[in-house]
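Engineer: Pasting a structure here, questions to come.
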Amino acid sequence: MSYQKYGIRPQLVERVKFKLKNPAVKDRMRLLLGNVTKYDLQDRVKVRKLVKSAGSILQEPLTDIQEEQIIDFILGQKIDPNNTFHLLKLWGMFR
């Protein structure tokens, strides 16, 4: 999985996936990410803020190293939230 190349542990991904099955948490994440653009996802400062906000919503304490790994992963993917192909690629990574 490509997220592992960035040093992100599969256990963290599994915990987050489990927590996102809670409808209340999922709705809060949708509100956080609802208006995000591809330019936001290429701005390190904005991505850092989103990662910290998502960590607090998920009640997942992230170390500075984990935050940097996640930020590097997001920047490396060059995600466009309006491009269905990009979203399907991400979905396939985390199924």
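The values are calculated or read from the model by the stated rules, or taken from the named source; none is laboratory data. Just so you know, these numbers come straight off a predicted model, no measurement behind them. No Cβ is skipped: glycine too gets one built from the backbone with ideal geometry, and neighbour counts run over all protein chains shown. These accessible areas exclude ligands, DNA and RNA; they are computed on the full protein's heavy atoms, side chains included. Shrake-Rupley method; radii C 1.70, N 1.55, O 1.52, S 1.80 Å.
Engineer: Condition test on residue 60, is it charged (D, E, K, R) and under 17 Å from residue 20 (Cα atoms)? Outline the logic, then answer.
Structural biologist: Values: charged (D, E, K, R): yes; under 17 Å from residue 20 (Cα atoms): yes.
Yes, satisfied.
Engineer: Failed condition for residue 59, given (1) assigned to a helix (DSSP H, G or I); (2) open to solvent by 80 Å² or more (accessible area, probe 1.4 Å), with all others met?
Structural biologist: (1)
Engineer: Additional query: If only one of 21, 38, 49 is in a helix (DSSP H, G or I), out of contact with any Phe, Trp or Tyr (no Cβ under 6 Å at 6 or more places or on another chain) and not hydrophobic (A, V, I, L, M, F, W, C), which one is it? I'd like the intermediate steps shown before the answer.
Structural biologist: Details: 21 fails: in a helix (DSSP H, G or I); 38 fails: in a helix (DSSP H, G or I).
After ruling out the rest, the residue left standing is 49.
Engineer: Looking only at residues that are open to solvent by less than 80 Å² (accessible area, probe 1.4 Å) and outside any loop (DSSP other than H, G, I, E, B) in region 74-86, which one is farthest from residue 37 (Cα to Cα)?
Structural biologist: Residues of region 74-86 open to solvent by less than 80 Å² (accessible area, probe 1.4 Å): 74-77, 79-81, 83, 86.
Still in the running and outside any loop (DSSP other than H, G, I, E, B): 74-77, 86.
Details: 74: 13, 75: 13, 76: 15, 77: 14, 86: 13 Å.
Residue satisfying both the conditions and the ranking: 76.
Engineer: Evaluate the following for residue 32: is it part of a helix (DSSP H, G or I), under 17 Å from residue 90 (Cα atoms) and touching a helix residue (DSSP H, G or I) at 6+ places or on another chain (Cβ under 9 Å)?
Structural biologist: Values: part of a helix (DSSP H, G or I): yes; under 17 Å from residue 90 (Cα atoms): no; touching a helix residue (DSSP H, G or I) at 6+ places or on another chain (Cβ under 9 Å): yes.
It is false that residue 32 is part of a helix (DSSP H, G or I), under 17 Å from residue 90 (Cα atoms) and touching a helix residue (DSSP H, G or I) at 6+ places or on another chain (Cβ under 9 Å).
Engineer: Which members of region 36-56 meet the condition of being surrounded by fewer than 16 Cβ atoms within 10 Å (Cβ to Cβ) and closer than 19 Å to residue 7 by Cα?
Structural biologist: Result: 44, 48, 52.
Engineer: Can we say residue 65 is open to solvent by 100 Å² or more (accessible area, probe 1.4 Å), modelled with pLDDT of 90 or more and part of a helix (DSSP H, G or I)?
Structural biologist: Working: open to solvent by 100 Å² or more (accessible area, probe 1.4 Å): yes; modelled with pLDDT of 90 or more: yes; part of a helix (DSSP H, G or I): yes.
Yes, satisfied.
Engineer: Out of 8, 71, I need the residue that is at pLDDT 90 or above, part of a loop (DSSP other than H, G, I, E, B), on the phi < 0 side of the Ramachandran plot and within 12 Å of the chain's Cα centre (by Cα). Which one?
Structural biologist: So the residue among 8, 71 that is at pLDDT 90 or above, part of a loop (DSSP other than H, G, I, E, B), on the phi < 0 side of the Ramachandran plot and within 12 Å of the chain's Cα centre (by Cα) is 8.
Engineer: Residues being in contact with a helix residue (DSSP H, G or I) (Cβ under 9 Å, 6 or more places away or on another chain) and either open to solvent by 60 Å² or more (accessible area, probe 1.4 Å) or touching a residue at least 40 places away in the same chain (Cβ under 8 Å) (or both): count how many of those fall in region 5-25. If you could, list the steps in order and put the result at the bottom.
Structural biologist: First, pick out the residues of region 5-25 that are in contact with a helix residue (DSSP H, G or I) (Cβ under 9 Å, 6 or more places away or on another chain): 5-10, 12-13, 16, 19-20, 25.
Imposing the further condition that a residue be either open to solvent by 60 Å² or more (accessible area, probe 1.4 Å) or touching a residue at least 40 places away in the same chain (Cβ under 8 Å) (or both) reduces the set to 5-9, 12-13, 16, 19.
So the answer is 9.
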